[in-house]
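Beneath this line is the structure, given in structure tokens, with notes to follow.
The values are calculated or read from the model by the stated rules, or taken from the named source; none is laboratory data. Worth saying up front: this structure is predicted, and the values here are computed from it rather than measured. Glycine gets a Cβ as well: all are built from the backbone with ideal geometry, and neighbour counts include every protein chain shown.
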Amino acid sequence: MPRNSKSQGAAARSHTRDLTRNIRILLGALLALNLIAAGLVLFPPGGSADDLERELATLQSQIMQKRALLEHSRLNVAAIEKARGEGDRFLTDYFLSRRTADSTLLSVLSEAASKAQIKERDRAQTTEYIEGSDSLSMMTITGNYEGTYRNLLNFINELDHSQQLLIIESMSAAPQQGSNILTVSLKIDAFIRDDSTPLETVQTAARVEELR
């Protein structure tokens, strides 16, 4: 066979092999792409449709819980603000100013005794700070009176209806010999706040004392 014919045959075989190899590479690439596409269909990024629905339901449930917690917190804040306002009014209405406590209580007790027609003999008082506070104190008044049982009831009624917060801590009464007149001893407590301390500090101290 001529040398040229052999060379052409070898070139044809080499071309065929190259073509076959290229076709195989192309088919392999197409198969790989098909496998990737099938994987994306079967296992989509982020999970399947059922997984996504479950995740969405979980997120919605968490959002509802957070909203409920937020609403509960708002109600708590409103309740705290209301309690604070009531506490402020209580301190203002019932705790006497230290600067005017003596004159105010003298006026209240004298007016109550006058209306009840009971005779006031003498009176003494002591003031002590309430434990845990350096701005709130309690004044204890010990008073001795003379009058009938009806006078005593009227006097207690006057104190009970006083605008000030007065607490009768103890009371003793003994009849005078040969008459319907009673000798009465009363121990009365009243509460005072220090005017030199800002009201906010007094309120905070009162709330702390309530929590003890």
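Among the residues of the stretch 161-185, those that are within 19 Å of Gln125 (Cα to Cα), among the aliphatic types (A, V, I, L, M) and without any contact (Cβ under 8 Å) to a residue 40 or more places away in the chain comprise Ile167, Ile168, Met171.
Considering only the stretch 108-138, state which residues are among the hydrophobic types (A, V, I, L, M, F, W, C) and out of contact with any Leu (no Cβ under 7 Å at 6 or more places or on another chain). The answer is Val108, Leu109, Ala113, Ala116, Ala124, Leu136, Met138.
Take the stretch 160-175 and flag every residue that is at pLDDT 90 or above and either assigned to a helix (DSSP H, G or I) or farther than 19 Å from Thr140 by Cα (or both). Scanning the stretch 160-175 gives Ala174, Pro175. What is the one condition in (1) outside any helix (DSSP H, G or I); (2) of a type outside the set (Gly, Ala, Ser); (3) at pLDDT below 75; (4) under 45 Å from the mean Cα position of the chain (by Cα) that Pro44 does not satisfy? In the conditions (1) outside any helix (DSSP H, G or I); (2) of a type outside the set (Gly, Ala, Ser); (3) at pLDDT below 75; (4) under 45 Å from the mean Cα position of the chain (by Cα), Pro44 misses (4) alone. With respect to the conditions (1) surrounded by fewer than 16 Cβ atoms within 10 Å (Cβ to Cβ); (2) on the phi < 0 side of the Ramachandran plot, Gln164 lacks only one, and its number is (1).
Go over the candidates Ser110, Ser103, Ser114 one by one and state the one that is modelled with pLDDT under 90, over 14 Å from Met171 (Cβ atoms) and either of a type outside the set (A, V, I, L, M) or in a strand (DSSP E or B) (or both).
Values: Ser110 fails: modelled with pLDDT under 90; Ser114 fails: modelled with pLDDT under 90.
Exactly one of Ser110, Ser103, Ser114 is modelled with pLDDT under 90, over 14 Å from Met171 (Cβ atoms) and either of a type outside the set (A, V, I, L, M) or in a strand (DSSP E or B) (or both), namely Ser103.
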